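First comes the structure, then the notes that go with it.
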Ligand SMILES: [Mg+2]
């Protein structure tokens, strides 16, 4: 059955990501959302933990790219020293940017994983195109205004997914 909101893999924080698991799934590109996935939306630069994480993924032989619905200035400043490709103003959950990633990387959809904190943007967009999806808890409780609205609907989706037995908030995968 086609998935829309439920992730393939659910973790508490990006630091819990099992990189070996991605390798076993044949993932070649890890697409990371920035705001509230790697850092809070008002944190301008990656901290040491984020830098180390990105390096670990690269060392495992995977490409890391950053994606955001946020503006180019925010994404460029964040990515300044990371040596990763960036996709600002991505308009998730629309598929355009994800399609572009496939073209740019030369990878097939099952070789690309998306790590994000939102069901309605990150998970929906990536599931629709057929990428491997990884949901993480948001880093901070604070959200941008538009995200706050999304969270209201997101909480409804969490309730539906729980009812369907597909996902329980806070019950992370090993
Ligand atoms: Mg986010």
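Residues in segment 79-118 that are within 16 Å of the ligand (Cβ to nearest atom) and either free of Cβ contacts under 8 Å to residues at least 12 places away in the same chain or on the phi > 0 side of the Ramachandran plot (or both): 89, 91. Would a scan of segment 150-158 turn up a residue that is more than 16 Å from the ligand (Cβ to nearest atom), in contact (Cβ under 8 Å) with a residue 40 or more places away in the chain and surrounded by 16 or more Cβ atoms within 10 Å (Cβ to Cβ)? No.
Checked against the criterion of being crowded, with 19+ Cβ neighbours inside 10 Å, within 26 Å of residue 55 (Cα to Cα) and touching a helix residue (DSSP H, G or I) at 6+ places or on another chain (Cβ under 8 Å), segment 164-172 has no qualifying residue.
Answer yes or no as to whether residue 71 is exposed (fewer than 13 other Cβ atoms within 10 Å of the Cβ) and either within 16 Å of the ligand (Cβ to nearest atom) or farther than 22 Å from residue 131 by Cβ (or both).
Judged against the criteria, residue 71 is a match.
Only one entry of 22, 38, 30 meets the criterion of being within 22 Å of residue 147 (Cα to Cα), touching a residue at least 60 places away in the same chain (Cβ under 8 Å) and buried (at least 18 other Cβ atoms within 10 Å of the Cβ), and that entry is 38.
Here, each number is a calculation from the coordinates, and none is a lab measurement. All values derive from a computational prediction rather than experimental measurement. Note: ideal-geometry Cβ built from the backbone for every residue, glycine included; neighbour counts use all protein chains shown.
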